Amino acid sequence: MGLPVTVYRYTDEGAPQLVNATSSEWINILKKVLVEGYGSMAPLGWTLEFENAAAFKVAFRNTTTDGGSGGYFQFSGANSNNVTCLMWASAGMSDLDAFIKGVPYRALTQQSTHRGWEIIGTSRGFYLILHQTNKMTMSDGNGTSSYINFQMYFIGDVESFYANDQSTFTLVSGTGGGNTTGNMGVNNNVKYARFYDVDGGNGGVKEYNTSDPFTGNNNITSYNLNAETSGIQHILSPLLLTIPYNSTDRNGDAAANSMISPMVRAKIPGMYSSCFMGYRDENWPIDLPMNGVMHTLLRSNLSPHLWINTEQWYD
């Protein structure tokens, strides 16, 4: 059985708000969604493991009762307006900033035109999304705009293809490499995540990625269409995280044959790329049933076509 998905939005009754986009406002949002709940919304069931209120720094842990890894997510930033906040993911923590098998941090970059938020998730993982609010269309319709203006990340356990995988907790973004504050979100064509050995060994961390099978980065009129009114069927593809077949594990075995650092590691929970790219001029949110399952469309700078299953993950 999979885990039920909950969608939290700043438009919910009783939802905490981003007024100045400070770190304290974000920490309050994360506490409400992950641990405490708000209004009629129950929390996702994570725990607050560490906090330094004076430094505006917190660390949350996902639950192990639903098959979760018990991984940690740290969030911090100066308590100033439109602050850039830092996000870390790790298998374990002994204290704030003390990571065990961590991955490089990514930044949540904020702007005065972005005062909306959305979190879609389960007790094991979630999408953290910052929304543009000075206009509500699914795309900003600007061919020169950057994916960096659309901040959305996955934090938590991926859906590994390997039983008892000891390294499933990670942070998925649109930028590879080490620590950076210039990163893009998961709506970038290529998505990146890092993992340690499946068996928990000391082979080091490897960067996996997935290329969107349906890409469309040209600013063309056809992206204004609506699939439903146009009679077009969505073909949905999951996003698989892979490394090159000839990369080697700690024993020298090629990834194509490795059970330690395998070539195809996992899929990103709930995320699907559609062959249809459109809805640019329609307002957020777009929530639609596909094959009897509800999905929500992620916003994009050019061609929205990434959908999140909002009913069940980790089947």
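The table that follows gives values for the structure above.
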item: Whichever residue in region 151-201 is outside any strand (DSSP E or B) and within 12 Å of the chain's Cα centre (by Cα) and, among such residues, is surrounded by the fewest Cβ atoms within 10 Å (Cβ to Cβ); result: Asn188
item: Residue selected from region 215-230 under the condition at pLDDT below 85 and part of a loop (DSSP other than H, G, I, E, B), by the criterion nearest to Ser273 (Cα to Cα); result: Thr215
item: Leading residue by the ranking (modelled with the lowest pLDDT) among those in region 262-315 that are surrounded by fewer than 23 Cβ atoms within 10 Å (Cβ to Cβ) and touching a Gly at 6+ places or on another chain (Cβ under 6 Å); result: Asp315
item: Pairs where the first residue, in region 47-67, is among the basic types (Lys, Arg) and the second is exposed (fewer than 15 other Cβ atoms within 10 Å of the Cβ), C-beta under 8 Å, 6+ apart; result: Arg61/Thr47
item: Residues located in region 46-80, provided they are polar (S, T, N, Q) and within 22 Å of the chain's Cα centre (by Cα); result: Thr47, Asn62, Thr63, Thr64, Thr65, Ser69, Gln74, Ser76
item: Residue match in region 248-260 (condition: modelled with pLDDT of 95 or more, among the aliphatic types (A, V, I, L, M), out of contact with any Phe, Trp or Tyr (no Cβ under 7 Å at 6 or more places or on another chain) and closer than 19 Å to Ser90 by Cα); result: yes
item: Number of positions in region 84-122 that are open to solvent by 10 Å² or more (accessible area, probe 1.4 Å) and closer than 19 Å to Lys267 by Cα; result: 2
item: Region 81-98 - residue that is free of Cβ contacts under 8 Å to residues at least 60 places away in the same chain and over 20 Å from the mean Cα position of the chain (by Cα) and, of those, nearest to Gly200 (Cα to Cα); result: Met93
item: Residue in region 221-235 that is in contact with a strand residue (DSSP E or B) (Cβ under 6 Å, 6 or more places away or on another chain) and surrounded by 13 or more Cβ atoms within 10 Å (Cβ to Cβ) present; result: yes
item: Selection from region 54-66 of residues that are part of a loop (DSSP other than H, G, I, E, B) and open to solvent by 50 Å² or more (accessible area, probe 1.4 Å); result: Phe56, Thr64, Thr65, Asp66
item: Pairs with Cβ under 6 Å, 6+ apart, first in region 188-200 and closer than 14 Å to Val172 by Cβ, second open to solvent by less than 30 Å² (accessible area, probe 1.4 Å) and hydrophobic (A, V, I, L, M, F, W, C); result: Lys191/Val172; Ala193/Val172; Ala193/Leu241; Arg194/Val103
item: Count - residues of region 1-37 that are more than 23 Å from Trp284 (Cα to Cα), of a type in the set (Val, Ile, Thr) and open to solvent by 30 Å² or more (accessible area, probe 1.4 Å); result: 1
item: Strands (runs of 3 or more DSSP E) (entirely within region 257-308) containing at least 1 residues that are polar (S, T, N, Q); result: 264-274, 293-297
item: Which numbered condition Phe73 misses (of (1) in contact (Cβ under 8 Å) with a residue 12 or more places away in the chain; (2) out of contact with any helix residue (DSSP H, G or I) (no Cβ under 6 Å at 6 or more places or on another chain); (3) not in a strand (DSSP E or B)); result: (3)
item: Residue satisfying condition, being in contact with a helix residue (DSSP H, G or I) (Cβ under 6 Å, 6 or more places away or on another chain) and closer than 19 Å to Leu239 by Cβ, within set Ser303, Ser273; result: Ser303
item: Check on Glu13, in a loop (DSSP other than H, G, I, E, B), more than 20 Å from the chain's Cα centre (by Cα), of a type in the set (D, E, K, R) and more than 17 Å from Leu128 (Cβ to Cβ); result: yes
item: Some residue of region 34-42 being in a loop (DSSP other than H, G, I, E, B) and either in contact with a Cys (Cβ under 9 Å, 6 or more places away or on another chain) or at pLDDT below 95 (or both); result: no
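The values are calculated or read from the model by the stated rules, or taken from the named source; none is laboratory data. This structure is a prediction, so every number in the text was calculated from the model and none was measured. Every residue, glycine as well, gets a Cβ built from its backbone with ideal geometry; the counts of neighbours run over all protein chains shown. SASA here: full protein model, heavy atoms, side chains in, ligands and nucleic acids out. Shrake-Rupley method; radii C 1.70, N 1.55, O 1.52, S 1.80 Å.
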